[in-house]
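Peer 1: Have a look at the structure that comes next, please.
Just so it is clear, none of the values below were taken in a lab; they were calculated from the coordinates. All figures in this text were calculated on a predicted structure; none of them were measured in a lab. Methodologically, a virtual Cβ is constructed for each residue, glycine included, from the backbone with ideal geometry; neighbour enumeration extends over all protein chains shown.
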Amino acid sequence: MKMLVKRAAAAAVLALVVAACGDDTTATTDETTTTTSEATSTTDAPTTIDAATTTSTTTPEALTASWKGVTEDTVSVGVSILDFDALKEMGLQDFGWGDQRLIWEFYIDELNARGGVAGRQVDAELAFYNPAFAIEAEEACLQMTEDREVFAVIGAFLGPAEPATPCLTQQEDLVVFNGTMTVDLLAGAKSVWVADGTAGRRRIPIFFDLLDQAGYVDGQKIAVVSGNENEGDTVDVIVPILEELGLDVVVTSVNTVSEDDVLEEDRYWDTTAEKIRSEGAEVIIINGDTTGAIRGIHRNDLPQELWVVTADQLVNLGTTVDRSEADGAITLAGLSAEEGWAEPGMAACVKKFTDAHPEIDVRGPLDVGEGDERWDTAIGQACRWLAVFEVVMNAAGPELTPASVQAGYEGLGDIALPGAAFASLGPGKPDANDGFRLSEWDSTVGENGSLVPITDLLDAAP
């Protein structure tokens with residue numbers, strides 16, 4: 001069954017290329033409970049579950065129209081997709097992620113050919129949005145949830161468009177897959193929410209614990225600079241951890257300037273840099289809006305060591321900075337880009353697409369030239385996101401509701417996630433990725449730079 005595809009209307013103009021999502025989507029989980037179900041399913045001894053081997057191949061008995069967007073034969077799903085054409089037209093980006101429509105059509109058709117999910121075919125609505133503007137993301141949200149009345153949305157919203165995410169997560173009758181689960185977003189979330197990345201309230205402590213174990217923590221004076229959407233993480237999680245480690249937090253600052261206003265953001269950093277100097281900070285922790293922070297730090301010749309909370313933003317710096325300006329920044333990551341691309345599950349998923357489209361030159365992350373289309377990023381994203389979607393939806397069973405989805409993922413345990421070394425889902429843990437190590441940004445690795453591991457990989461499943 002071919003999926004139904006409609007493109008969201010283009011909206012405003014302006015802005016800055018956002019940090020693309022990767023295999024370590026930032027999230028928070030402590031508050032990740034939902035109002036849709038009180039039922040909890042657990043497993044005494046989790047076993048690894050592979051989405052590709054759990055797909056329904058026969059139609060379950062007595063399938064019903066169990067929820068909005070669900071019929072006896074289909075489940076309607078929205079997919080939010082970054083609109084690189086809009087960014088190119090605005091002159092903010094000279095490359096994209098290949099033909100994302102083609103990629104998503106291929107993988108959803110391939111999933112349907114294997115039986116779909118929960119005994120139903122997936123009817124997908126692709127909603128493209130300009131990541132520079134929350135207003136366009138909100139339009140995409142309404143397209144999916146009101147016009148099409150989908151059961152679930154895959155992707156949520158990223159970058160400067162992230163403030164539109166509550167349009168999805170505050171709907172009790174909707175299931176959301178992936179997206180950035182910050183403290184503030186989780187506080188108002190009513191949807192069942194599952195992600196391929198790692199929860200911030202779990203991930204952030206691991207980052208600083210590894211920094212401590214590796215000898216980077218030594219009583220330094222610290223400046224913490226947060227993006228507007230990350231203030232909750234800083235206040236509730238980061239600062240208490242730093243104080244517990246005996247570090248002296250001398251500056252905490254929140255950049256409230258929109259990421260698309262480069263001039264005003266530079267002015268913010270000119271002022272903040274003076275404060276960092278005057279307080280004698282020895283380390284700068286960047287928590288959100290990494291592109292603007294790297295630009296401001298370089299512009300003001302700040303020599304401090306950099307610890308970056310969100311690896312994806314470091315890897316996907318915008319066009320207003322030179323990638324070499326981030327050299328030496330330390331972050332928490334999983335498998336390197338090359339390792340993730342070669343991981344057997346990811347390699348098998350990529351091969352399906354390249355076998356079907358031999359005319360397309362799909363290169364690995366380290367082989368993509370400057371300005372080349374990043375087919376690897378879009379394919380990797382589709383493989384990860386759909387793997388989580390597939391295994392969770394099948395675990396929910398034939399009676400699809402938000403409550404059955406929650407009970408389904410809570411009973412999974414270890415799962416196979418393309419591009420990740422370790423992954424699991426369970427009660428109070430809707431974030432899948434469990435593999436961590438410290439890595440350092442090096443712009444000289446590959447064509448576009450890469451994170452270089454500096455500690456061993458850790459399985460941090462609780």
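Peer 1: Would you check the chain for Lys pairs whose C-alpha atoms are within less than 21 Å, ignoring same-chain pairs closer than 8 in sequence, and give me the count?
Peer 2: Details: K2/K68; K2/K351; K2/K352; K6/K68; K6/K88; K68/K190; K190/K429; K221/K275.
Close lysine pairs under the 21 Å cut-off: 8.
Peer 1: While we're here: Express the Stokes-Einstein translational diffusion coefficient of the range 73-113 in µm² s⁻¹, to the nearest whole number, given a Kirkwood radius over alpha-carbon pairs, 4 °C and a viscosity of 1.567 mPa s.
Peer 2: Numbers: Rh = 12.1 Å.
Rounded, D is 107 µm²/s.
Peer 1: I'd like to know which of W269, G219, V257 lies farthest towards the positive end of the charge dipole of the range 210-269, counting +1 on Cβ of Lys and Arg and -1 on Cβ of Asp and Glu.
Peer 2: G219
Peer 1: So, one more: At 7 Å along Cα-to-Cβ for each site, give me the label-to-label distance between T256 and T319 in nm.
Peer 2: 3.0
Peer 1: Find the percent of Cα-Cα distances in the range 328-413 that exceed 23 Å, and round it to a whole number.
Peer 2: Values: 1513 of 3655 pairs.
It works out to 41 percent of all Cα pairs.
Peer 1: Ranked highest first by the average count of other Cβ atoms within 10 Å around their residues, in what order do 295-303, 139-147, 74-82 fall?
Peer 2: Numbers: 295-303: 16.6, 139-147: 21.0, 74-82: 25.6.
Highest to lowest by the protection proxy: 74-82, 139-147, 295-303.
Peer 1: Additional query: Which whole-number percentage describes the relative contact order of the chain, with Cα contacts under 8 Å and a sequence gap of 6 or more? The partial results should precede the final answer.
Peer 2: Values: 1076 pairs, mean separation 104.7, N = 462.
23 percent.
Peer 1: Right, something else. Taking H as built 1.01 Å from N, whose amide H comes closer than 5 Å to the amide H of T180, not counting residues under 5 places away?
Peer 2: For T180, whose amide H was placed from the backbone, the distant partners under 5 Å are F157.
Peer 1: While we're on this one: When only Cα pairs under 8 Å and 6 or more residues apart are kept, what is the percent relative contact order across the range 308-446? Provide the component values of the computation, followed by the final result.
Peer 2: Working: 187 pairs, mean separation 45.3, N = 139.
Across the range 308-446, relative contact order equals 33 percent.
Peer 1: Between the range 161-204 and the range 321-344, how many Å separate their Cα centres?
Peer 2: Centre-to-centre distance over Cα atoms comes out at 24 Å.
Peer 1: Cα-based Rg of the range 84-181 per 2.2 N^0.38 Å, rounded to two decimals?
Peer 2: Working: Rg = 14.4 Å, N = 98, 2.2 N^0.38 = 12.6 Å.
Expressed relative to 2.2 N^0.38 Å, the Cα Rg reads 1.15.
Peer 1: Treating the beta-carbon of each Lys and Arg as +1 and of each Asp and Glu as -1, no other charges, what is the dipole magnitude of the range 242-378 about its Cα centre, to the nearest 20 debye?
Peer 2: It works out to roughly 140 debye.
Peer 1: At q = 0.15 Å⁻¹, what base-10 log of I(q)/I(0) does the Debye formula yield for the range 273-360 when every alpha carbon is treated as an equal point scatterer in vacuo?
Peer 2: -0.66
Peer 1: Rounding to the nearest 20 debye, state how big the charge dipole of the chain is about its Cα centre with +1 on each Lys and Arg Cβ and -1 on each Asp and Glu Cβ.
Peer 2: Numbers: 27 positive and 80 negative charges, 158 e Å.
The dipole of the chain has a size of about 760 debye.
Peer 1: Follow-up. Please name which of S278, L417, W341 has its Cα lying farthest along the dipole of the chain towards the positive end, using unit charges on Cβ (Lys, Arg +1; Asp, Glu -1) and the Cα centre as origin.
Peer 2: L417
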